[in-house]
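Chemist: Quick one: the structure is below, and I'll ask about it shortly.
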Amino acid sequence: MKILAIFLALSLGLLSLACQQSNELLDDKPAIKAISFVGIPPQNVRFDAPNARITVHLPALLPAGLQPIFELTDDTRVVDGVRADETIDLTAFCACSSSGEPKKITLRVGNQKTTAVYELNVMASGPLKAQTSRDQFTFSRKTKRLQLSLPVENLYSNPAVNMLLFTNLATGAVTRISADGACLNSCSSAAPNQLLFSLGSPIERELLPGTYGITLNGLSFPQRLRVTD
């Protein structure tokens with residue numbers, strides 16, 4: 001019995017030492033302990049620490065950008081994935097891409113020894129939707145470049161626009177603008193909730209002088225486009 005007791009004591013001691021060393025190694029690794037986002041309810045953020053995955057359900061409008069608040073392990077700092085203004089660049093989820101690659105954002109945290117990588121995914125609260133704005137755009141055909149900035153809800157829903165419809169409000173004639181199936185839309189971190197289009201020549205030949213309504217992907221926008229010579 002005495003030998004068995006000594007054996008059990010040694011086993012427990014070794015197990016305790018192994019656990020302590022394992023915890024020390026774990027504590028030595030850089031990691032995100034918790035994460036939240038300014039203006040985003042906690043229930044809209046899912047942090048899967050074992051799989052290094054963060055999922056955020058975004059509101060319909062995100063006027064201030066997506067700003068994370070990190071709780072990190074000791075001596076850990078954010079290495080990559082957050083811009084100088086402390087927000088995360090979401091253009092991966094609003095700029096059109098025909099590559100077929102799944103869209104994601106990578107966050108890296110690190111200490112003096114190593115780094116850890118986390119995958120950030122965002123989910124829109126609904127489909128793309130036009131904002132109720134009565135702004136009017138003006139396009140001079142002399143410039144040969146039409147810039148459109150359409151305010152929308154749920155911009156970060158991976159929109160893909162390959163055709164724009166311009167309806168002449170006086171005649172009802174519809175002009176269709178496409179690029180052989182290629183994406184037309186883009187976006188910018190400097191313009192949250194704005195679906196951007198930059199259309200070059202021969203746009204000046206396609207659109208005659210007049211006032212037009214704008215439609216894309218079945219959405220009709222309240223904004224009007226005034227075309228001049």
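Chemist: Rounded to the nearest Å, what's the spacing between the alpha carbon centres of the stretch 170-227 and the stretch 126-161? Just the number, please.
Modeler: So the two Cα centres are separated by 7 Å.
Chemist: Select from P222, P42, Y212 the residue farthest towards the positive end of the dipole of the chain; place +1 on Cβ of Lys and Arg, -1 on Cβ of Asp and Glu, and compute about the Cα centre.
Modeler: So the residue we want is Y212.
Chemist: Per residue, what volume in Å³ does the convex hull of the Cα atoms of the chain enclose? Can you show the working numbers first?
Modeler: Numbers: hull volume 38.2 nm³, N = 229.
So the per-residue Cα hull volume is 167 Å³.
Chemist: Evaluate the charge dipole of the stretch 174-229 about its Cα centre and quote only its size in Debye, nearest 20, assuming +1 on the Cβ of each Lys and Arg and -1 on the Cβ of each Asp and Glu.
Modeler: Details: 4 positive and 4 negative charges, 34 e Å.
Here the stretch 174-229 has a charge dipole of around 160 debye.
Chemist: Also: What number, rounded to the nearest 500 deg cm²/dmol, is the helix-based mean residue ellipticity at 222 nm of the chain, given -39500 (n - 2.57) per DSSP H run of at least four residues and division by all its residues? Write out the running numbers ahead of the final one.
Modeler: Numbers: 2 runs with 31 residues, N = 229.
When only DSSP H runs of four or more count, the value is -4500 deg cm²/dmol.
Chemist: Now for a different question. For the stretch 117-228, what is the relative contact order in percent, using Cα pairs closer than 8 Å and at least 6 residues apart in sequence?
Modeler: Values: 223 pairs, mean separation 38.9, N = 112.
In percent, rounded to a whole number, it is 35.
Chemist: Another one. Of the trypsin sites (Lys or Arg not before Pro) in the stretch 45-99, which ones lie in a loop per DSSP and count no more than 14 other C-beta atoms within 10 Å?
Modeler: The qualifying sites are R83.
Chemist: Another one. Starting from the Cα of K144, draw a straight line to each of the aspartates and glutamates and keep only those under 18 Å, dropping any in the same chain fewer than 8 residues away.
Modeler: Cross-link targets: E204, E206, D229.
Chemist: Taking H as built 1.01 Å from N, whose amide H comes closer than 5 Å to the amide H of N121, not counting residues under 5 places away?
Modeler: I54, T55, V56
Chemist: Just for the stretch 131-229, what percent of DSSP beta bridges are antiparallel, to the closest 5? Could you put the intermediate results ahead of the total?
Modeler: Numbers: 26 of 31 bridges.
About 85 percent, rounded to the nearest 5.
Chemist: Tell me, what ³J(HN,Hα) does each residue in the stretch 70-83 have, in order and in whole Hz, if you take phi through Karplus 6.51 cos²θ - 1.76 cosθ + 1.60 with θ = phi - 60° and put x for Gly and Pro?
Modeler: 9, 10, 10, 5, 4, 6, 9, 9, 6, 9, 7, x, 10, 7
Chemist: Taking K113 as the anchor, which lysines have their alpha carbon closer than 17 Å to its alpha carbon, excluding any fewer than eight residues away along the same chain?
Modeler: Correct list for K113: K29.
Chemist: Let me ask something else about it. Give, rounded to the nearest 20 debye, the magnitude of the charge dipole that the chain has about its Cα centre when Lys and Arg contribute +1 at Cβ and Asp and Glu contribute -1 at Cβ.
Modeler: Values: 21 positive and 19 negative charges, 140 e Å.
Its charge dipole is roughly 680 debye.
Chemist: Same structure, new question: Relative contact order for the chain: what is it in percent, counting Cα pairs under 8 Å that are at least 6 residues apart? If you can, show how the numbers build up before the last one.
Modeler: Values: 459 pairs, mean separation 43.8, N = 229.
Computed value for the chain: 19 percent relative contact order.
Chemist: Can you tell me the 0 to 90 degree angle between the C-alpha axis of helix 2-28 and the longest principal axis of the chain, rounded to 10?
Modeler: Value to nearest ten degrees: 30.
Chemist: Next up: So what are the ³J(HN,Hα) numbers for the stretch 30-42, from phi and the Karplus equation (6.51, -1.76, 1.60; θ = phi - 60°), rounded to whole Hz, Gly and Pro as x?
Modeler: For the stretch 30-42, the Karplus-derived couplings read x, 7, 8, 7, 7, 8, 9, 9, 4, x, 9, x, x Hz, x marking Gly and Pro.
Chemist: Under a straight-distance cross-link criterion of Cα-Cα below 13 Å, which aspartates and glutamates are reachable from K33, leaving out those fewer than 8 residues away in the same chain?
Modeler: D48, E71, D74, D75
Chemist: When Rg is the radius of gyration of the Cα atoms in the stretch 99-201 and Rh is its Kirkwood radius, what does Rg/Rh come to? All intermediate terms of the calculation are to be shown ahead of the outcome.
Modeler: Details: Rg = 18.5 Å, Rh = 16.8 Å.
Computed over Cα atoms, the ratio is 1.10.
Chemist: How much accessible area per residue does the chain have, counting only protein heavy atoms and a probe of 1.4 Å, in square angstrom?
Modeler: On the way: 13470 Å² over 229 residues.
I get 59 Å² per residue for this part.
Chemist: Of S133, I105, T143, which is farthest along the charge dipole of the stretch 43-173 in the positive direction, counting Lys and Arg as +1 and Asp and Glu as -1 at C-beta?
Modeler: T143
The values are calculated or read from the model by the stated rules, or taken from the named source; none is laboratory data. These numbers were taken from a predicted model, which means no experiment stands behind them. As a convention, Cβ positions derive from the backbone with ideal geometry for all residues, glycine included, and neighbour counts pool all protein chains shown. Heads up: the accessible areas ignore ligands, DNA and RNA and are worked out on the full protein's heavy atoms, side chains in. Shrake-Rupley method; radii C 1.70, N 1.55, O 1.52, S 1.80 Å.
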